[in-house]
Amino acid sequence: MRSSILALADYVQQNLRIVAPVLFAPGILSLLSINMLRTASLRQTQMLNSTKPTPSPRSKVRARLPVPPLRQTLDRYLTSLEPFLHEDEAKGGMPFKRAYALREKWATDFENGIGKTLQERLVALDKVSPYNWLDDNFWINKAYLEWRAPLLVNSNWWLAFGDDPLIPKSALSGETNNNRAGTTFWQLRRAAWLVHRVLKFKDNIAQTNPAENTTSGAWMMESTSKMFNMARIPEPLCDTLSEKSDTSSQYGRSILVMVHNWCYLVKVYSPPLHGAKTPSLVPPGEIEAQLRAVMLDVEGRLANGEKALPIGALSADDRDRWAENLRHLVSLSPQNQRCHQAMLQSVMGLSLEHTTYTIPLASSSDPRRSHIRNPAQLSLDSHLHAIRGTTQNLSNRFYDKPFTLIVDPSTRAGATGEHSPVDALVPSIVAEYGLTEGVDTEPFGLRSHTQDVDEPGWQRLDWIADEKIKKECKGAIERANSIVENSDDSVLWFDKYGTDWIKNYGCYKLSPDAFIQMAMQLAWYQQQGEFTATYETVLTRMFKRGRTETLRTFSRESRLWVLSMVDPRATDAERFKLLCDAISSHSRRTREAMSGRGFDRHLLGLRLLLRPLNAESAALFEDELFERSAQWKLSTSGLSAGLLFKGTGFGSTYENGYGINYLAAPFMVKFGIESKFSCPTTSTQGFKDAITSAMLQMQNLCQSVSDNAHNKVANTSHL
């Protein structure tokens, strides 16, 4: 078995030419199905599919993220400005040649002046950094922890799971005769099963021998560890992350359960016994039993007229406000300090909903809020909204946790998480493993071999509040309600074709990821009548502590192709040639970004090392185009094929933009799209229509070129 697993790992890496986002090690692959492996691997396959084979041997040691050569970064930055300068000229601005020459001068001055000094500082900083110059010094603060906006919608990701086929269909309505405080039998059973599966994945990775890891295995081990036993801590001006808790503590062996806005700790690990070094995961039946005990307690509290302090709503508030409220809570009682520490150190979160959310009918007085929803679409979007957060459930989760499972009475499930410790691909891989096996009733008859008489299976985490905090809770709920009510969120299941058709079209071997990115460029332009800076996430996982690099989708090549699609004088042959050029450019720049040869993170590091108090400045950074070219009104990111997910999403970066998370599968592409109702120039329903139209136009274009080529061959054969 072991040799066949490693052989499969080698085959996938060498023949698919990827760094697959799964752990190629015996401890994990023996538990993964081939379908799971394919699903998790598809994302990077799509991004590099159109390139020539460049096999790389399995590597067990990841390099440091390099500091790119300064001239290389400047050249690539200048190239990224070209489409903006062409657009400025087309709108009556400065002629392209003059505008570009000016930026070239600023780049040269920078290279020969302050830029040289900044590069030397960055190289010196890298030498004294434990892992790399970016992650150790800049990234997590600038990208996440310094942001003061609420995490709800603005930063946290959300992921809606597929239904469990092993759960009786009668349970999907959420109506049973054994409800407890609004929860149902199968809800608690699926919750216990998912918790157990997720933690099994975590433990398998932690127990893997590092010497057997591939590069991606080391990345997965490193990244997964950051999902558990920690959380974000609100602080004035810049948040921090808690220290990873020791699993020898009771807090570190428990999960945070929230139900009816109350907080509980539920034990999921037994203490190490008989010389063991690590705690043992309790069976799913034991987790289920503890959840049922919690629900009995909740039922009694509701009967007594108790109401929970909505601590979850406070964590959804502006970060400085949450920091101040947390400081005040801790000053009120040591019990609040213990509650907060327990929530930080807990393994993960589990939110049990007591209602099944359905999107209400849109108000006729506000047509912009209406979507075209048949029953299937209504079900999809209702599920997605329930995981993102709604006015009914937003207080029933702790937004500072990196990973929280959510299950409602109808057994609909999903996950959400705070973004700063890991990128969303990591929890999606963990979640996908949890879904590869449905609820198996047999393990629920098992109980742990050890009974901890001195350690309760669950305990309350009750916060003590005063009138100030109660008033703050009311205000926090109102502000959070405004956020979710302004979130125009929907999922598009485009099922006319998927990655298989894109890859297998003709002999062109088009990259599915680049193809989809071009579709979004066309959709934006046809909806807005102009271009915008576009962000795509590229992982730098081949490097130690690597996170992400920016890939700028809006390029000289993508602009020319989009313009050809709206130019009636262009022929299909010309359009297709430009599409191939745009896809080729995108794929090349993907490879550059993922291999540490991008330029946006490098420019960030250089800019942050400027010393304004010493009168240091750079015209390159003061150029208005430097900022405008990084205003990501179109913020995009792809995950896996998502065969086991209904949809996913994250909030738009700009009020007048879109946040788009997509799942590209062999026969369909799922687009999770978020925008703001308050913006008159954006519409999620409108952009869904625009993407559908763009994808169909691109298919028609490819087929037209193919038909013409076929006809030419047929005519030639008759000569």
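Suppose we filter TRP133, TRP193, TRP147 for residues that are open to solvent by 10 Å² or more (accessible area, probe 1.4 Å) and assigned to a loop (DSSP other than H, G, I, E, B); which single one remains?
Result of the check over TRP133, TRP193, TRP147: TRP147.
Taken as a whole, the condition of being over 30 Å from GLY651 (Cα atoms) and open to solvent by 20 Å² or more (accessible area, probe 1.4 Å) applies to ALA90.
Taking each residue of the stretch 622-640 that is touching a residue at least 24 places away in the same chain (Cβ under 8 Å) and looking for partners that are in a loop (DSSP other than H, G, I, E, B) and aromatic (Phe, Trp, Tyr) with beta-carbon atoms closer than 6 Å, six or more apart or interchain, yields LYS633/TYR654. Being in contact (Cβ under 8 Å) with a residue 60 or more places away in the chain and under 27 Å from GLY546 (Cα atoms) is a description that does not apply to ARG611. Here LEU199 meets the list (1) on the phi < 0 side of the Ramachandran plot; (2) in contact with a helix residue (DSSP H, G or I) (Cβ under 8 Å, 6 or more places away or on another chain); (3) modelled with pLDDT of 95 or more; (4) surrounded by 16 or more Cβ atoms within 10 Å (Cβ to Cβ) almost entirely, failing just condition (2). Condition first: buried (at least 21 other Cβ atoms within 10 Å of the Cβ) and charged (D, E, K, R). Now tell me which residues in the stretch 689-709 satisfy that. The answer is none; no residue qualifies. Taking the stretch 498-541, which residues are free of Cβ contacts under 8 Å to residues at least 12 places away in the same chain and in a loop (DSSP other than H, G, I, E, B)? Within the stretch 498-541, CYS507, GLY529 qualify. Candidates are the residues of the stretch 299-320 that are among the acidic types (Asp, Glu) and open to solvent by 40 Å² or more (accessible area, probe 1.4 Å); the one that is nearest to the chain's Cα centre (by Cα) is ASP318.
Beta carbons closer than 6 Å, at least 6 apart along the sequence or on distinct chains, pair a first residue in the stretch 542-560 that is small (Gly, Ala, Ser) with a second that is surrounded by fewer than 21 Cβ atoms within 10 Å (Cβ to Cβ) for SER555/SER585. On inspection, SER482 does not qualify as among the polar types (S, T, N, Q) and touching a helix residue (DSSP H, G or I) at 6+ places or on another chain (Cβ under 9 Å).
Within the stretch 281-310, restricting attention to residues that are of a type in the set (Gly, Ala, Ser) and touching a helix residue (DSSP H, G or I) at 6+ places or on another chain (Cβ under 9 Å), which residue is farthest from ARG253 (Cα to Cα)?
Here is the first cut: in the stretch 281-310, the ones of a type in the set (Gly, Ala, Ser) are 285, 289, 293, 300, 303, 305, 308.
Pick out the ones that are also touching a helix residue (DSSP H, G or I) at 6+ places or on another chain (Cβ under 9 Å) and you get 285, 289, 308.
On the way: GLY285: 17, ALA289: 16, ALA308: 24 Å.
The qualifying residue farthest from ARG253 (Cα to Cα) is ALA308.
The number of residues in the stretch 254-298 being open to solvent by 10 Å² or more (accessible area, probe 1.4 Å) and either among the basic types (Lys, Arg) or in contact with a Cys (Cβ under 8 Å, 6 or more places away or on another chain) (or both) comes to 3. The lone criterion from (1) open to solvent by less than 50 Å² (accessible area, probe 1.4 Å); (2) in a helix (DSSP H, G or I) left unmet by LYS142 is number (1).
With respect to the conditions (1) under 30 Å from ASP246 (Cβ atoms); (2) modelled with pLDDT of 95 or more; (3) open to solvent by less than 10 Å² (accessible area, probe 1.4 Å), ASP381 lacks only one, and its number is (1).
Can you find, within the stretch 224-241, the residue that is farthest from PRO283 (Cα to Cα) among those that are open to solvent by 10 Å² or more (accessible area, probe 1.4 Å) and within 21 Å of the chain's Cα centre (by Cα)? Full working, then the answer.
First pass over the stretch 224-241, keeping only residues open to solvent by 10 Å² or more (accessible area, probe 1.4 Å): 225-226, 230, 233, 235-238, 240-241.
From the residues that got through so far, the ones that are within 21 Å of the chain's Cα centre (by Cα) too are 225-226, 230, 233, 240-241.
Numbers: SER225: 21, LYS226: 24, MET230: 23, ILE233: 31, THR240: 34, LEU241: 30 Å.
Restricting to residues being open to solvent by 10 Å² or more (accessible area, probe 1.4 Å) and within 21 Å of the chain's Cα centre (by Cα), the top hit is THR240.
Residues considered: SER395, SER410. Of these, the only one that is hydroxyl-bearing (Ser, Thr, Tyr), under 30 Å from GLN685 (Cβ atoms) and out of contact with any Leu (no Cβ under 7 Å at 6 or more places or on another chain) is SER395.
Taking the stretch 196-213 as the range and being of a type outside the set (Val, Ile, Thr) and not in a helix (DSSP H, G or I) as the test, the residues that pass are GLN207, ASN209, ASN213.
Beta carbons closer than 6 Å, at least 6 apart along the sequence or on distinct chains, pair a first residue in the stretch 317-333 that is more than 14 Å from PHE398 (Cβ to Cβ) with a second that is open to solvent by 10 Å² or more (accessible area, probe 1.4 Å) and among the β-branched types (Val, Ile, Thr) for LEU332/ILE464; SER333/ILE464. Within the stretch 488-498, if we keep just the residues that are in contact with a Phe, Trp or Tyr (Cβ under 8 Å, 6 or more places away or on another chain) and over 15 Å from HIS383 (Cβ atoms), the residue that is most open to solvent (accessible area, probe 1.4 Å) turns out to be ASP495.
Hey, among the residues in the stretch 640-669 that are part of a strand (DSSP E or B) and more than 18 Å from MET518 (Cα to Cα), which one's most open to solvent (accessible area, probe 1.4 Å)? Steps first, answer last, please.
In the first step, residues of the stretch 640-669 are kept if they are part of a strand (DSSP E or B); the result is 645-649, 658-664, 669.
Checking which are more than 18 Å from MET518 (Cα to Cα) leaves us with 645-649.
Working: PHE645: 4, LYS646: 33, GLY647: 1, THR648: 5, GLY649: 1 Å².
The residue in question is LYS646.
Do we find a residue being open to solvent by 10 Å² or more (accessible area, probe 1.4 Å), of a type in the set (Asp, Glu) and farther than 30 Å from TYR505 by Cβ anywhere in the stretch 602-616? So far as the stretch 602-616 goes, yes, one or more of its residues are open to solvent by 10 Å² or more (accessible area, probe 1.4 Å), of a type in the set (Asp, Glu) and farther than 30 Å from TYR505 by Cβ. Before we move on, is ALA206 under 19 Å from PRO279 (Cα atoms), open to solvent by 20 Å² or more (accessible area, probe 1.4 Å) and under 23 Å from the mean Cα position of the chain (by Cα)? So ALA206 passes the test.
Could you say whether any residue in the stretch 620-627 is open to solvent by 50 Å² or more (accessible area, probe 1.4 Å), under 30 Å from ALA690 (Cβ atoms) and either under 17 Å from the mean Cα position of the chain (by Cα) or at pLDDT 95 or above (or both)?
There is at least one residue in the stretch 620-627 that is open to solvent by 50 Å² or more (accessible area, probe 1.4 Å), under 30 Å from ALA690 (Cβ atoms) and either under 17 Å from the mean Cα position of the chain (by Cα) or at pLDDT 95 or above (or both).
Residues that are closer than 26 Å to GLU288 by Cβ: find the helices (runs of 4 or more DSSP H) completely inside the stretch 374-491 holding 1 or more of those.
Details: elements: 375-388, 425-435, 467-485.
The qualifying helices (runs of 4 or more DSSP H) are 375-388, 425-435.
Of all residues in the stretch 250-279, those that are farther than 15 Å from ASP297 by Cβ and β-branched (Val, Ile, Thr) have Cβ atoms under 7 Å from Cβ atoms of residues that are open to solvent by 10 Å² or more (accessible area, probe 1.4 Å) and assigned to a strand (DSSP E or B), 6 or more apart or on another chain, in VAL268/LEU281.
If only residues of the stretch 528-571 that are buried (at least 19 other Cβ atoms within 10 Å of the Cβ) and among the acidic types (Asp, Glu) are counted, the one that is nearest to GLN517 (Cα to Cα) is GLU536. Do you know which residues across the stretch 150-190 are aliphatic (A, V, I, L, M), open to solvent by 10 Å² or more (accessible area, probe 1.4 Å) and either free of Cβ contacts under 8 Å to residues at least 40 places away in the same chain or touching a strand residue (DSSP E or B) at 6+ places or on another chain (Cβ under 9 Å) (or both)? Listed by number, the list holds a single entry, ALA181.
Can we say GLU120 is closer than 17 Å to LEU610 by Cα, open to solvent by 70 Å² or more (accessible area, probe 1.4 Å), at pLDDT 95 or above and part of a helix (DSSP H, G or I)?
On the way: closer than 17 Å to LEU610 by Cα: yes; open to solvent by 70 Å² or more (accessible area, probe 1.4 Å): yes; at pLDDT 95 or above: yes; part of a helix (DSSP H, G or I): yes.
Yes.
The values are calculated or read from the model by the stated rules, or taken from the named source; none is laboratory data. All of these numbers come straight from a predicted model, not from anything done at the bench. For neighbour counting, all protein chains shown are included, and Cβ atoms are generated from backbone atoms with ideal geometry for every residue, glycine included. Note: accessible area is taken over every heavy atom of the protein model, side chains too, but ligands, DNA and RNA are not part of it. Shrake-Rupley method; radii C 1.70, N 1.55, O 1.52, S 1.80 Å.
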